[in-house]
Amino acid sequence: MIDINNIGKYRENNRLEAKKATGGLPDSLWETYSAFANTLGGVILLGVEEYPDRSLHTVDLPDTDWMLKDFRDMINDQSKVSVNILREDDVSVKTIDGKHIIVINVPRADRSCKPVYIGGDPYSGTYRRNGDGDYRCSREEVEALISESRSYDPVEDTEQYKAVVEAADIAAQEELERSSWTRRDSEDGIYFSWCYTFWDIKKRILKEQYDIDWQTPAEYASVRTKEGNTEE
């Protein structure tokens, strides 16, 4: 969480995005929603402007009631967004020095909801967060998210392991960002190449820091397939 009353001390990063939004909900809002949901979660601030020096400053949104209604209508429209993963209290209006802003806390989506995408097509509307930017996922990356949603050991969701796995996810994402694993696709622009590299880093972190032998979704699916063939 961030200290809303001291926005000026923050900068946009992999879990914080500011949008001026004085003309209404920007289209890029939905890209950020998808990106945060598919990565580590994050906070979207509407009514906050980023200056050239990257400092954040509040502006006064003209009609927060209208914007909230518009936002809720759109996020529950599956032709716009594949799934609404927000609770009622994840969206709120805050007043700072007499200026009204909207704060949207986007949680990290459960595996069963991934990929979270926009526009009705996961292959053209799935995003991930890298640093302070939102990047459209390639087909390979979308397939990796789908694989992750279907092929994982259920023990990862138990109370004993859930927090550990989440901590490893955060550490792996941050290491991957530091390593600048980026590439350019000639047709569709810049992608953050994560999938199998991310899993490999996560696997190493779980072993080195927690002495856990973790199977990547690809490995887990392969083992289950072999077991199924053996039973036949």
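What follows draws every value from the coordinates through simple rules; no lab data is involved. This is a predicted model, so every value here is computed, not measured. FYI the Cβ positions are ideal-geometry reconstructions off the backbone, even for glycines, and counts take in every protein chain you see.
Could you give the nm distance between label points at CYS113 and ASN13, where each point is 7 Å from its Cα heading toward the beta carbon?
It works out to 2.3 nm between the two label points.
Going by how many other beta carbons lie within 10 Å of each one, how would you line up ASP53, ASP77, ASP90, ASP134, fewest first?
Ranked by crowding around the Cβ, least crowded first: ASP53, ASP77, ASP90, ASP134.
If I model a spin label at GLU140 and LYS207 as a point 7 Å from the Cα along the Cα→Cβ vector, what separation in nanometres do I get?
Taking the two extended label points, one gets 2.2 nm.
For the chain, what is the calculated [θ] at 222 nm in deg cm²/dmol (nearest 500), taking -39500 (n - 2.57) for each run of four or more DSSP H residues and dividing by its residue count?
-12000 deg cm²/dmol, from helical runs alone.
Compute the length gained on full extension between ASP157 and THR95: take 0.36 nm times their separation in residues and subtract their Cα-Cα distance, giving the result in nm to one decimal.
18.6 nm
Taking the Cα centre of segment 1-93 as origin, work out the dipole magnitude from +1 charges on Lys and Arg Cβ and -1 charges on Asp and Glu Cβ, in debye rounded to 20.
Dipole magnitude for segment 1-93 comes out near 260 debye.
Determine the alpha carbon to alpha carbon distance for each of LYS114/LYS207; LYS19/LYS94; LYS20/LYS114; LYS69/LYS114; LYS20/LYS99 and list only those over 22 Å.
LYS114/LYS207; LYS20/LYS114; LYS69/LYS114
P(r) tail for the chain, what percent of Cα pairs lie past 30 Å?
30
What is the helix-to-structure angle for 162-179, meaning the angle in degrees between its Cα long axis and the longest Cα principal axis of the chain, kept from 0 to 90 and rounded to the nearest 10?
Between the helix axis and the principal axis of the chain, the angle is about 80 degrees.
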